[in-house]
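Okay, so here's the structure we're looking at.
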Amino acid sequence: MSPALPGWLAPVVEAASTITVHELTHFVPPEGTDPRRGAVLMVFADRDADPASPDDLAHRGELLLTERNHHMRSHPGQVSFPGGRLDPGETPREAALREAHEEIGLQPAEVQVFGELPELWLPPSNFAVTPVLGYWRDRGQVRIESPDEVHEIHHVAIADLLDADNRVSVRHPSGWTGPGFLIGPDRDVVLWGFTAGIIARLFSYLGWDGDWDRARVRDLPDHMLQGVPRNTDLAPNTKLEE
């Protein structure tokens, strides 16, 4: 039997078994298509001791995110969950844990996988991606293992993601606008696209999402536009275009 999860994660565990694909995205693979398959690891971790009340916003832990190298041919600077395509014979769980280990040295034995979100389709790249949910119970160290791919590792407090001051609408040159977050010590790193959409819609489903100014628009930074298809309306996650 797996050890009990912290109280603040209880709503996420329940959501994993009840949320539907339509509550996370408007895109599903058309019938008769055979999309490529990938997985990402949505890693939750404690920041402080487990609070007495799981409703204590300040103690809802953090998410582990990576920032793609700024010199990558595709999607430079993209902030995402660790992950990538499934190798032959792999399950989404196996692929997500493997990719996290290869990218940032996260040891699979330190992660307690507690669920999966529905498979999500990325139309521009024809990828069907499964977000795997994990709790970083035996917390050790992470580091950039693949500097050609990873520019930075971000430990982002969930309270900061829910702070209205850190919420923006991000505008792509194509005209597409979607939910975004400002992260990093100076709040100058833009989290947008596929990953921001998962976070925003999951938090909304959980009832964690508060009011924020959707008219506050931030244009996508220039360094993130190099190699990004101008006609896309949903950005692929890390390595899924490689």
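The values are calculated or read from the model by the stated rules, or taken from the named source; none is laboratory data. As the structure is a prediction and not an experimental result, all values here were calculated from the model. In this analysis, Cβ positions are derived from the backbone assuming ideal geometry, glycine residues included, and neighbour counts consider all displayed protein chains. In case anyone asks, the SASA skips ligands and DNA or RNA and just uses the protein heavy atoms, side chains included. Shrake-Rupley method; radii C 1.70, N 1.55, O 1.52, S 1.80 Å.
Each residue in the stretch 1-18 was checked for being open to solvent by 70 Å² or more (accessible area, probe 1.4 Å) and either within 18 Å of the chain's Cα centre (by Cα) or closer than 13 Å to Phe203 by Cα (or both), and 1 of them qualify.
Scan the stretch 218-236 and tell me whether some residue there is surrounded by fewer than 18 Cβ atoms within 10 Å (Cβ to Cβ) and at pLDDT 95 or above. No, the stretch 218-236 has no match at all.
When the stretch 19-42 is limited to residues that are farther than 15 Å from Ile199 by Cα and modelled with pLDDT of 90 or more, the one that is farthest from the chain's Cα centre (by Cα) turns out to be Arg37. Of everything in the stretch 86-126, what is closer than 20 Å to Val150 by Cα, in contact with a helix residue (DSSP H, G or I) (Cβ under 9 Å, 6 or more places away or on another chain) and open to solvent by less than 20 Å² (accessible area, probe 1.4 Å)? Give them in sequence order. The answer is Ala100, Leu106. Does Ile144 qualify as being open to solvent by 40 Å² or more (accessible area, probe 1.4 Å) and either under 26 Å from Thr91 (Cβ atoms) or out of contact with any helix residue (DSSP H, G or I) (no Cβ under 6 Å at 6 or more places or on another chain) (or both)? In short, yes.
Within the stretch 168-202, being within 23 Å of His22 (Cβ to Cβ), charged (D, E, K, R) and not in a helix (DSSP H, G or I) holds for no residue.
Scan the stretch 113-170 for residues that are more than 24 Å from Glu102 (Cβ to Cβ) and of a type in the set (Gly, Ala, Ser) and jot them down. If the condition is that a residue be more than 24 Å from Glu102 (Cβ to Cβ) and of a type in the set (Gly, Ala, Ser), then Ala157, Ala159, Ala164, Ser169 are the ones that fit. Looking only at the stretch 43-89, filter to residues that are at pLDDT 85 or above and of a type in the set (A, V, I, L, M); which one of those is farthest from Asp163 (Cα to Cα)? Looking at the filtered set, the residue picked out is Leu86.
Out of everything in the stretch 160-208 that is of a type in the set (Phe, Trp, Tyr) and free of Cβ contacts under 8 Å to residues at least 60 places away in the same chain, what residue ends up being nearest to Asn69 (Cα to Cα)? If we take residues in the stretch 160-208 being of a type in the set (Phe, Trp, Tyr) and free of Cβ contacts under 8 Å to residues at least 60 places away in the same chain, then Phe181 is nearest to Asn69 (Cα to Cα). Condition first: closer than 30 Å to Asp34 by Cβ and open to solvent by 20 Å² or more (accessible area, probe 1.4 Å). Can you find one or more residues in the stretch 149-166 that meet it? Within the stretch 149-166, one or more residues are closer than 30 Å to Asp34 by Cβ and open to solvent by 20 Å² or more (accessible area, probe 1.4 Å).
Scan the stretch 167-188 for residues that are surrounded by 19 or more Cβ atoms within 10 Å (Cβ to Cβ) and of a type in the set (D, E, K, R) and jot them down.
First, the residues of the stretch 167-188 that are surrounded by 19 or more Cβ atoms within 10 Å (Cβ to Cβ): 167-168, 170, 172, 179-183.
Arg167 - this is the single residue of the stretch 167-188 that is surrounded by 19 or more Cβ atoms within 10 Å (Cβ to Cβ) and of a type in the set (D, E, K, R).
With respect to Val132, is the statement that it is within 19 Å of Pro6 (Cα to Cα), open to solvent by less than 20 Å² (accessible area, probe 1.4 Å) and touching an Asp or Glu at 6+ places or on another chain (Cβ under 6 Å) true? So Val132 fits the description; yes.
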